[in-house]
Each structure stands twice: as structure tokens, then as C-alpha cells.
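Data block below; observations after.
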Amino acid sequence: MPRRIFAASVIHETHTFSIKPTTLDRFKESVYLLDDEIPKAMKGTRGEWGAVFDLAEAFGWTVIHPVAAFA
């Protein structure tokens, strides 16, 4: 039976010294990928997302990937 896995990332560094709020626009200025944008940008990379797609291919998994964001 084929497996479906869920993978998503929202990465944010918080500290009290920043006077700028982290808004959705801040994510969009950095990394904000949705759905099919994620494999196009991350497949074959040497990071977490690259590993997810490499393993999915090796094990025959289908990846459900709604969001990858970093601010």
C-alpha cells in the first residue's frame, strides 16, 4: 500500500531585541513557498526538504506539502 506523508515547515527566529514584527510579508520577502512550488525549489537540495524528497522517491512515498516558509 503506498504511503502518504505530510511535511511542512514554518521557521521563525524570535528574540526580544527586534523591533520589527514578523508578519506574513516578512515571510514572503524571505522564503514562502506553497504546494507545487516546494518541490520545484527544494528537490535535489542538500537540506531538510531535499532529504524529504529523496527519501520519498526511494521508498515510494507521496509527499503532501502545503507550505515551506522562513522569516
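Descriptive notes on the structure:
- Check on E29, of a type in the set (D, E, K, R), loosely packed, with under 12 Cβ neighbours inside 10 Å and modelled with pLDDT under 95: yes
- Among residues of the range 1-40, those that are closer than 19 Å to A71 by Cα, free of Cβ contacts under 8 Å to residues at least 40 places away in the same chain, part of a helix (DSSP H, G or I) and out of contact with any helix residue (DSSP H, G or I) (no Cβ under 8 Å at 6 or more places or on another chain), counted: 4
- Annotation: of all residues in the range 41-71 being in contact with an Asp or Glu (Cβ under 9 Å, 6 or more places away or on another chain) and in a loop (DSSP other than H, G, I, E, B), the one that is surrounded by the most Cβ atoms within 10 Å (Cβ to Cβ) is H65.
- Pairs meeting the criteria (first residue in the range 59-70 and more than 22 Å from Y32 (Cα to Cα), second residue not in a strand (DSSP E or B), beta carbons under 6 Å, at least 6 apart or on different chains) are W61/R3.
- Residue check for I11: modelled with pLDDT under 95 and either surrounded by 11 or more Cβ atoms within 10 Å (Cβ to Cβ) or of a type in the set (A, V, I, L, M, F, W, C) (or both): yes
The values are calculated or read from the model by the stated rules, or taken from the named source; none is laboratory data. Keep in mind that this is a model prediction, so the values were computed, not measured. Note: ideal-geometry Cβ built from the backbone for every residue, glycine included; neighbour counts use all protein chains shown.
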